[in-house]
Amino acid sequence: AERGCIGGTSDELLAKDLPLFGGPCPIADQTSDGEMLRRFLNRSGVEDSLIAQLATAHPDGASQGIESLDSRPLSNAVLRGQGPQILSMSLEVDRISEINQKAMTFKMHYVIKWFWRDCRLLMHCKKVTVNQQHARFSSFWVPPLRITQREADDPAMVTQKHELYGHGWDIFTEEHMSTFRCPFHFEDMPYDSHKCTLEFLLPDEPDSDYQILWKDDVVEGLELRNGGWVIDQVQDWKMWTGTVPYHSKSGDVNSSRAYVSFHITRKPAQMIESYVVSAGFFYVLSWVGLWISPAAVPARAAIGIIPVLVISNKITALYASLPPLGYATKISSYMTMALMMLTVNMLEYGVVHVSSKESKRLADALKAQKEKVVDECVVSVDAYEGGGAAPPPPPSRTAHA
């Protein structure tokens with residue numbers, strides 16, 4: 001069956017309208033604009049025919065030189081010159097994945113819904129849908145959204161559609177899988193928590209033309225889970241709006257912005273087990289080696305050098321997993337201290353080994369000196385008994401020493 005208008009009269013459609021997005025379209029005005037809007041309200045037909053009428057502002061589009069509706073929407077406030085075009089938006093987050101601490105990025109699967117009123121969409125039908133595969137899709141205006149922190153967008157995951165309602169509402173839905181950057185701060189690692197903020201704006205559009213508002217007070221979406229991180233659930237995300245000044249050709253103006261923020265917190269168990277516990281065990285192993293006999297040189301050297309090499313490799317692996325940092329982290333300070341203590345243990349063995357060799361050398365020299373003195377005394381006695389001079393007196397303790 002052909003898809004055409006779904007019941008309802010013009011009066012019924014307007015009666016169900018809500019005073020949102022600048023109020024209902026001024027079809028009652030006794031002006032040329034009011035007459036044009038009343039003609040728009042009488043449009044009907046099967047869906048494809050109706051979409052063609054809407055896209056070309058039929059029946060007045062040809063006389064007005066309107067070929068499409070890809071220009072700024074015309075709400076009641078805009079038509080009357082009473083304010084900017086109101087753009088209300090909602091955010092649904094389905095998944096956050098691939099959190100990359102070295103690149104300081106993450107991927108997010110999300111859906112944005114925009115709500116605005118365009119009086120050029122008035123018709124006698126309740127609703128028609130125009131998706132991105134439709135030949136007339138590009139004839140309808142879409143918000144030129146920029147998310148400041150968005151670094152890449154997967155084109156294979158992008159879906160878009162318009163839901164056009166008889167009283168002039170346009171609900172535009174866009175689904176994305178995007179990569180965002182987040183300023184990670186690692187000072188407290190492995191107990192680090194990072195605040196990520198997303199800023200939504202229409203570039204080079206002053207707030208006198210467009211105003212962005214959040215439709216709801218909370219972000220919608222599914223439960224967010226990640227193996228190595230705890231992510232704030234969507235109902236806990238913070239939402240707010242504001243303006244930011246920027247310089248344009250016409251001077252300094254303000255731009256309307258919408259913001260959302262949340263926290264990503266590390267689960268410390270894996271890092272503690274991999275770095276903190278292992279470094280502690282290697283230090284204990286090195287300390288036990290101090291009780292091994294210094295004479296067992298291969299054993300003492302191995303038990304001193306191996307922990308130093310292992311911890312050095314772990315420190316290298318730790319820094320390889322992070323972006324270049326100009327500051328120390330808690331875990332890097334701990335690992336550096338462990339490496340210093342292991343090095344001290346090895347230096348201690350070096351001192352003991354050299355001292356042992358020197359002590360042995362001195363003992364051997366002293367023994368040789370004693371034997372020499374005894375030999376000299378024996379020679380002297382033999383000479384005396386053979387008629388020689390009297391033997392010299394035995395050396396005193398001081399001289400012996």
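The values are calculated or read from the model by the stated rules, or taken from the named source; none is laboratory data. The model shown is predicted, which means the values in this text are computed figures rather than measured ones. Every residue, glycine among them, receives a Cβ derived from its backbone with ideal geometry; neighbour counts consider all protein chains shown. Just the protein is used for accessible areas: all its heavy atoms, side chains included, with ligands, DNA and RNA removed. Shrake-Rupley method; radii C 1.70, N 1.55, O 1.52, S 1.80 Å.
Residue check: is Glu205 in contact (Cβ under 8 Å) with a residue 12 or more places away in the chain, closer than 30 Å to Tyr275 by Cα, open to solvent by 50 Å² or more (accessible area, probe 1.4 Å) and assigned to a loop (DSSP other than H, G, I, E, B)? No; evaluated as a whole, the condition is false for this residue. Hey, among the residues in the range 290-318 that are under 28 Å from the mean Cα position of the chain (by Cα) and of a type in the set (Val, Ile, Thr), which one's most open to solvent (accessible area, probe 1.4 Å)? Top of the filtered list is Thr316. Checked against (1) open to solvent by 50 Å² or more (accessible area, probe 1.4 Å); (2) under 18 Å from His185 (Cα atoms); (3) among the hydroxyl-bearing types (Ser, Thr, Tyr), Ser321 meets all criteria but (1).
Scan the range 252-271 residue by residue and report those that are more than 24 Å from Phe200 (Cα to Cα), buried (at least 17 other Cβ atoms within 10 Å of the Cβ) and in contact with a strand residue (DSSP E or B) (Cβ under 8 Å, 6 or more places away or on another chain). Walk me through it before giving the result.
Going residue by residue through the range 252-271, those that are more than 24 Å from Phe200 (Cα to Cα) are 266-271.
Filter once more, keeping what is buried (at least 17 other Cβ atoms within 10 Å of the Cβ): 266, 271.
Residue satisfying the conditions is Arg266 alone.
Return the residues of the range 212-226 that are closer than 15 Å to Arg257 by Cα and either open to solvent by 70 Å² or more (accessible area, probe 1.4 Å) or touching a Cys at 6+ places or on another chain (Cβ under 6 Å) (or both); say none if nothing qualifies. Even if it seems obvious, please write down each step before you answer.
Step one: filter the range 212-226 for residues closer than 15 Å to Arg257 by Cα, giving 212-215.
The one that is closer than 15 Å to Arg257 by Cα and either open to solvent by 70 Å² or more (accessible area, probe 1.4 Å) or touching a Cys at 6+ places or on another chain (Cβ under 6 Å) (or both): Lys215.
Condition (residue is surrounded by 10 or more Cβ atoms within 10 Å (Cβ to Cβ) and more than 22 Å from Ser274 (Cβ to Cβ)) applied to the range 334-344: is it met by at least one residue? Yes: the range 334-344 contains one or more residues that are surrounded by 10 or more Cβ atoms within 10 Å (Cβ to Cβ) and more than 22 Å from Ser274 (Cβ to Cβ). Restricting Trp240, Trp229, Trp287 to those that are of a type in the set (Phe, Trp, Tyr), modelled with pLDDT of 95 or more and surrounded by fewer than 17 Cβ atoms within 10 Å (Cβ to Cβ) reduces the list to Trp240.
The set of residues in the range 69-123 that are of a type in the set (A, V, I, L, M) and open to solvent by less than 10 Å² (accessible area, probe 1.4 Å) comprises Leu69, Leu87, Met89, Leu91, Val93, Ile96, Met108, Ile112, Leu121, Leu122, Met123.
Listed residues Phe180, Phe200, Phe186; which is open to solvent by less than 10 Å² (accessible area, probe 1.4 Å), outside any strand (DSSP E or B), more than 30 Å from Phe40 (Cα to Cα) and of a type outside the set (Val, Ile, Thr)?
Numbers: Phe180 fails: outside any strand (DSSP E or B); Phe200 fails: outside any strand (DSSP E or B).
The match here is Phe186.
Remark: Glu371 falls outside the filter, which requires a residue to be over 30 Å from Trp240 (Cβ atoms), within 38 Å of the chain's Cα centre (by Cα) and open to solvent by 50 Å² or more (accessible area, probe 1.4 Å).
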